[in-house]
Amino acid sequence: MELDVPGTLKDLESVAAHLATLLELDQLAEQERDSRALPPFRLQDHNREDIVDLYSQFLNLRTGIHAVLDSQSLLIPDEDRESWKERLWALEQQVRRLRIMERFIRP
């Protein structure tokens, strides 16, 4: 399996940042919905779909990186492998804190 891990990690960072931005907009819409002083700020339904789509993209990218990093057949220097794993773990934690599964993806 060939994958540009540093490039894919950058893509993953971008997706995580975009997710955080969309969620901030969603929270703003929720807060203003209950306000009598402000005109309501409404998100379009497609914005919530965008959140779910971006989350799926994040999961697909992270799965690919995990496959590469967990492969012992690929000759990746240990220091690179560990550095990339730490960066991936930090991004996974960042996105996990957004609680997308609980908020937008219901069984």
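Identify all residues within the stretch 76-97 that are surrounded by 12 or more Cβ atoms within 10 Å (Cβ to Cβ) and charged (D, E, K, R); write none if there are none.
Answer for the stretch 76-97, where residues must be surrounded by 12 or more Cβ atoms within 10 Å (Cβ to Cβ) and charged (D, E, K, R): 80, 81, 82, 85, 87, 92.
Which one is surrounded by the fewest Cβ atoms within 10 Å (Cβ to Cβ) among residues in the stretch 51-75 that are among the hydrophobic types (A, V, I, L, M, F, W, C) and free of Cβ contacts under 8 Å to residues at least 40 places away in the same chain? Before you say what the answer is, go through the steps one by one.
Taking the stretch 51-75 and keeping what is among the hydrophobic types (A, V, I, L, M, F, W, C), we get 51-52, 54, 58-59, 61, 65, 67-69, 74-75.
In the following step, the residues that additionally are free of Cβ contacts under 8 Å to residues at least 40 places away in the same chain were identified as 54, 59, 75.
Details: 54: 20, 59: 14, 75: 6.
It comes out as 75.
Laboratory data are not the source of any read-out in this text; all were calculated from the coordinates shown. The structure displayed is predicted, hence computed values, not measured ones. No Cβ is skipped: glycine too gets one built from the backbone with ideal geometry, and neighbour counts run over all protein chains shown.
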